[in-house]
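Let me begin by presenting the structure, written as structure tokens, before commenting on it.
The values are calculated or read from the model by the stated rules, or taken from the named source; none is laboratory data. Quick caveat, the model's predicted, so the values are computed rather than measured. Here Cβ is always computed from backbone atoms with ideal geometry, including for glycine, and neighbour counts include all displayed protein chains. What goes into the accessible areas is simple: the full protein's heavy atoms, side chains included, and nothing from ligands, DNA or RNA. Shrake-Rupley method; radii C 1.70, N 1.55, O 1.52, S 1.80 Å.
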Amino acid sequence: AAKAAGRRTYRFFDPAMEAQANLRRELEADLRTALAEGGFELHYQPLVDLRSDEVTGCEALLRWRHPVRGMISPAEFVPVAEETGLIEDIGQWVLRTACIEAAAWPAHVRVAVNVSPVQFKSETLSLKVASALAESGLDARRLELEITEAVLIADDDAALVTLGQLRALGVHIALDDFGTGYSSLQYLQRFPFDKIKIDRSFVKEVTRNSGSASIIRAVVSIAADRNMITTAEGVETDQQRDTVQMLGCTQMQGYLFSRPVPAPDLRTLLAADSVEDAA
Ligand code: C2E
Ligand code: MG
Ligand code: MG
Ligand code: MG
């Protein structure tokens, strides 16, 4: 009998894993409810031109106020939305909402929208983008899509086709979080980007690590050759701002200028910005 007991399979039962799986299932159900009942909102973070000090764009960042758990970070729920396929519908909501809200901003301000690799793989992405533009009346040149290297690694040829379709619409393409992941400088040569966003991890180190500064300098130089904009992500201090400017970055984004803010606060910020320019 003792021997039989030794073969019981429940030793594979792991309570921690089970709890984790339950949490995910709950999160998935709650995401569906949020999508159906308007539980998401977008916050916007300004992108500032380092030569003119003007806000030339804003990145839309998804926010979810969970009824019980409060604000949940996209870093936590976007992966669940990707695994369950819900990111397709959530991403479409983000695109539509960002285009509609941006249509009310001054015409020189672009909106940047994050596109998940899962959305990018969909053959209908360019149709969905076109429909968000048509519905909002936003000029395609004012929409920028942020993609990550993950979409390039999976299937080069398919990625090139999709990028071509999107650029044919007139939208801009930014490579997000450059320097994390596989980060091959070859991507910058092979794919038609309008902008490279240099990951916050380099910007964080730039004032005390000459390696980070050299990498930024190299990216800036390739980008300049190919007429691409370079954005330094996560600029938090004056010193970081001065350094990335000195290294030749075109834009900055970060808490130093502004945290991501709700749409009404963003409109106030943009109005104040254009008054300042006029003065
Ligand atoms: P990301 O696209 O790289 O967005 C920039 C992130 O850096 C944002 O985090 C922003 O709040 C944060 N950030 C900006 N400036 C600073 C700074 O000075 N210091 C620090 N410490 N952080 C800064 P957030 O909003 O939590 O978003 C995290 C990630 O979630 C995004 O990274 C993006 O990958 C993903 N995400 C957000 N919204 C969407 C969306 O609508 N769709 C998809 N697919 N992904 C999204
Ligand atoms: Mg982004
Ligand atoms: Mg980023
Ligand atoms: Mg980043």
Between the modelled labels at Arg51 and Leu23 (7 Å from Cα along Cα→Cβ) the distance in nm is 4.8 nm
Probe 1.4 Å, heavy atoms of protein chains only: per residue, the accessible area of the chain in Å² is 51 Å²
The number of Lys pairs in the chain whose alpha carbons lie under 23 Å apart, excluding pairs fewer than 8 residues apart on one chain, is 4
Once amide hydrogens are built 1.01 Å from N within the peptide plane, the residues lying 5 or more places from Cys58 or on another chain with amide H under 5 Å from its amide H are Leu47, Arg110, Val111, Ala112
The relative contact order of the chain, taking Cα pairs under 8 Å that sit 6 or more residues apart, comes to a percentage of 17 percent
For the chain, the Kirkwood Rh over every pair of distinct alpha carbons, in Å, works out to 20.4 Å
Counting sequence-distant residues (5 or more places) and residues on other chains, those with an amide H built under 5 Å from that of Thr148 are Asp176
Per the range 143-235, sqrt(5λ) over the Cα gyration tensor eigenvalues, sorted largest first, in Å, gives 24, 13, 12
With all protein chains in place and a 1.4 Å probe, Val171 shows an accessible area in Å² (nearest 10) of 0 Å²
Summing -39500 (n - 2.57) over every DSSP H run of at least 4 residues in the chain and dividing by its residue count gives a helix-only mean residue ellipticity at 222 nm, to the nearest 500 deg cm²/dmol, of -15500 deg cm²/dmol
Given backbone amide H placed at 1.01 Å from N, residues whose amide H is under 5 Å from that of Thr230, ignoring those fewer than 5 places away on the same chain, are Ile196, Thr250, Gln251
Fraction of alpha-carbon pairs in the range 51-194 farther than 25 Å apart, rounded to whole percent, equals 29 percent
Phi angles of the range 53-61, converted by Karplus (6.51 cos²θ - 1.76 cosθ + 1.60, θ = phi - 60°) into ³J(HN,Hα) in whole Hz with x for Gly and Pro, give 6, 8, 7, 10, x, 9, 8, 7, 10
